[in-house]
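To start, the structure itself, in structure tokens.
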Amino acid sequence: MTWAVEATGLRKTYPAKDGEVEAVRGVDLHVRTGEVFGFLGPNGAGKSTTVRMLTTLLTITGGTASVAGVDVAKDPDGVRRKIGVALQEAGLDPRQTGRELLTLQARLFGNSTAEAKDIAQVQLELVDLVEAGDHRVKGYSGGMKRRLDLASALVHEPEVLFLDEPTTGLDPASRLTIWDEVRRINGHGTTVFLTTQYLEEADQLCDRLAIIDGGRIVLEGTPADLKADLRRRKGLTADPTLDDVFLDATGRTRTKVAGEVAEVQA
Amino acid sequence: MKDTLVLTQRALREALRTPEAVIPTLFIPLFFLVVNVGQAGKIFPGSSTAFLHGQGYAGFQLPSSLLLGASFGSAAMFLVEDIEGGYFDRLRAAPISRIALVLSRLLAESVKALVLTSAMVAISLLFGVRIASGIGGFLLILLLNGSWAVVYAGFMQLIALRTRSGAATQSGGLVFFPLLFLTPSFVPRDMLTRPMEIAASCNPVTYIMEGLRTLVLGDVDWGSVGLAFAVVGGLGVVMLFLNVRMIRSYD
């Protein structure tokens, strides 16, 4: 079977004052073609570092990874042709218009100017930004920027789309719009690799998910299987939520501190 | 090459849309030209000062101002904005040559320097300056100053890629002031004190300034012009090499 994303023993270390810091400690991943795969974890767990390695933005310290059948370390340009990337920070140039930005992006993927303009128009229509398309990006709202960022990641119809916390900081309406976009993109056969801190989002969108903590994968499966497993193991009478699964897998629990619910280490 | 041109166009569009970043690069060098000529113009009258070749002191000062203007490039600051805003990662995730990522901004900087240099030379004509080497000499001035703009922008871009910090990059720009003042900027090198002459002789900017000066003042010394191009060419190759190495190891 050809996996959309496959990683074995993936590691990333950074130099530090007293030796080195190991941000990712031997991650194994197998993401099926055509699925929406959720990659969850607490802050600093190694989610973004893993995504940045898989998208060729960070060098790999150890292990192997391939995306759409292409080895990330050996053929990074080959990987870049097959992936779309929308990182935590919407990667946009505020001085360009949305249309200019999409046209430029399409040109960087080998299209002629005329082709690139057509692609930009199609993408603007898909993300409902035709009216704003000729305005500079610096005037866009957070939701509009996120939609443009998504469109920018899709100009070359990638096989695998990496979304790193795509809805962080968005209002509920914008978040739902992004969810619809993810479903639409996945409906066209694009594999989606999604990191998020919102467990409801993962529950709604993901076919399967993995939870990373301390640089290691601690749990993997479908949301339904993971919840059923927790219910069985804990002897719960009601279905647990994905929040419960997450807290259990990462060794955290919720407790009331001074009247507020806080998340603490178990 | 196509990627480089596409990204160069984008960098030029960026400059056109931020005139507030470009206008000072014209205003400040002109300010220095006016002030320096005002302070020393009477000490060195054109009629009796041999090294002016019959021109006013403004002709002698013009190369300093041209070099100063070419060293005010904004490429590195725009690059830091791209890095901080995440757009640089979007470009890095595209299947384009890493060289295009650094070369495009340097090319855009050279185009900006050509426009700026032309404007400054045109304005200097109002101060009585004439380009004694003619149209050909003027074109060489454009080429030399444009090349220096690439060298200095390359240096600033190295700081930007290394530190990813706007403050550090801006501080790096201040390095040019000692480089500019450790030159024969007010009098020819042979009139400097001995320690200053040694310092100026060790400073590559000196040779570029002298190349520009001989093209402005006349009595063209092709040896100086050739040396100026050799220095700027050598520095350009070094900067391009270091930029490419830096972007390839950028993590």
Task: Matching residues in region B:225-243 - criterion: being open to solvent by less than 40 Å² (accessible area, probe 1.4 Å), touching a Leu at 6+ places or on another chain (Cβ under 8 Å) and over 14 Å from B:ALA153 (Cβ atoms) - done: B:VAL225, B:ALA228
Task: Which listed residue, of A:THR250, A:THR195, is within 21 Å of A:VAL51 (Cβ to Cβ), more than 18 Å from the chain's Cα centre (by Cα) and not hydrophobic (A, V, I, L, M, F, W, C) - done: A:THR250
TODO: Go over the candidates A:GLY46, A:GLY26 one by one and state the one that is crowded, with 22+ Cβ neighbours inside 10 Å, in contact with a Gly (Cβ under 7 Å, 6 or more places away or on another chain), more than 10 Å from chain B (Cβ to nearest Cβ) and modelled with pLDDT under 95.
DONE: A:GLY46
Task: Answer from B:THR49, B:THR8, B:THR18 - the residue that is open to solvent by less than 50 Å² (accessible area, probe 1.4 Å) and modelled with pLDDT of 95 or more - done: B:THR8
Open item on the list: So, in region B:75-92, exactly how many residues are of a type in the set (A, V, I, L, M), buried (at least 24 other Cβ atoms within 10 Å of the Cβ) and within 19 Å of A:VAL155 (Cβ to Cβ)?
Closed with: 0
Task: Subset of region A:159-178 that is at pLDDT 90 or above and either in contact with a Lys or Arg (Cβ under 6 Å, 6 or more places away or on another chain) or among the aromatic types (Phe, Trp, Tyr) (or both) - its residue that is least open to solvent (accessible area, probe 1.4 Å) - done: A:PHE162
TODO: With respect to B:ALA149, determine if the residue is of a type in the set (Gly, Ala, Ser) and open to solvent by less than 20 Å² (accessible area, probe 1.4 Å).
DONE: yes
- [ ] Return the only residue of A:LEU230, A:LEU236 being surrounded by fewer than 20 Cβ atoms within 10 Å (Cβ to Cβ) and out of contact with any strand residue (DSSP E or B) (no Cβ under 7 Å at 6 or more places or on another chain).
- [x] A:LEU236
Open item on the list: Every residue in region A:79-90 that is open to solvent by less than 30 Å² (accessible area, probe 1.4 Å) and facing chain B (nearest Cβ under 8 Å), please.
Closed with: A:ARG80, A:ILE83, A:VAL85, A:LEU87, A:ALA90
Open item on the list: Looking for something on the phi > 0 side of the Ramachandran plot, hydrophobic (A, V, I, L, M, F, W, C) and over 15 Å from the mean Cα position of the chain (by Cα) - is there at least one such residue anywhere in region A:50-72?
Closed with: yes
Task: Qualifying positions in region B:157-183 - free of Cβ contacts under 8 Å to residues at least 40 places away in the same chain, assigned to a loop (DSSP other than H, G, I, E, B) and over 18 Å from B:MET196 (Cβ atoms) - done: B:LEU174, B:VAL175
Open item on the list: I want to confirm something. Restricting to region A:54-78 and keeping residues that are in contact with a Lys or Arg (Cβ under 7 Å, 6 or more places away or on another chain) and within 8 Å of another protein chain (Cβ to nearest Cβ), which single residue is surrounded by the most Cβ atoms within 10 Å (Cβ to Cβ)?
Closed with: A:THR56
- [ ] Just need a number here: residues in region B:126-151 that are part of a helix (DSSP H, G or I), more than 16 Å from the chain's Cα centre (by Cα) and not aliphatic (A, V, I, L, M).
- [x] 4
TODO: Scan (1) at pLDDT 95 or above; (2) in contact with a helix residue (DSSP H, G or I) (Cβ under 6 Å, 6 or more places away or on another chain) for the single condition B:PHE229 breaks and write down its number.
DONE: (2)
- [ ] State whether the residues of region B:30-39 include one that is at negative phi, within 14 Å of chain A (Cβ to nearest Cβ) and open to solvent by less than 60 Å² (accessible area, probe 1.4 Å).
- [x] no
Open item on the list: If a residue must be closer than 16 Å to B:ASN145 by Cβ, part of a helix (DSSP H, G or I) and either modelled with pLDDT under 90 or within 14 Å of another protein chain (Cβ to nearest Cβ) (or both), how many such residues does region B:62-87 contain?
Closed with: 1
Task: Selected residue [of a type in the set (S, T, N, Q), away from chain B (no Cβ under 14 Å) and within 26 Å of B:ALA100 (Cβ to Cβ)] from A:GLN123, A:GLN96, A:GLN105 - done: A:GLN123
Open item on the list: I'd like the full set of residues that are open to solvent by less than 10 Å² (accessible area, probe 1.4 Å), out of contact with any strand residue (DSSP E or B) (no Cβ under 8 Å at 6 or more places or on another chain) and part of a loop (DSSP other than H, G, I, E, B), limited to region A:92-108.
Closed with: A:ASP93
TODO: Give just the number: which of (1) within 14 Å of chain A (Cβ to nearest Cβ); (2) open to solvent by 20 Å² or more (accessible area, probe 1.4 Å); (3) in contact with a helix residue (DSSP H, G or I) (Cβ under 6 Å, 6 or more places away or on another chain) does B:LEU114 not satisfy?
DONE: (1)
Task: Out of B:VAL129, B:VAL150, sole residue that is within 29 Å of B:LEU101 (Cβ to Cβ) and either free of Cβ contacts under 8 Å to residues at least 12 places away in the same chain or touching a Gly at 6+ places or on another chain (Cβ under 8 Å) (or both) - done: B:VAL150
Open item on the list: For region A:141-158, which positions are part of a loop (DSSP other than H, G, I, E, B) and buried (at least 20 other Cβ atoms within 10 Å of the Cβ)?
Closed with: A:LEU154, A:VAL155, A:HIS156, A:PRO158
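The values are calculated or read from the model by the stated rules, or taken from the named source; none is laboratory data. None of the values given here were measured: they were computed from a predicted structure. Positions of Cβ are generated from backbone atoms using ideal geometry, with glycine treated the same way; all protein chains shown enter the neighbour counts. Surface accessibility is based on the protein's heavy atoms, side chains included, excluding ligands, DNA and RNA. Shrake-Rupley method; radii C 1.70, N 1.55, O 1.52, S 1.80 Å.
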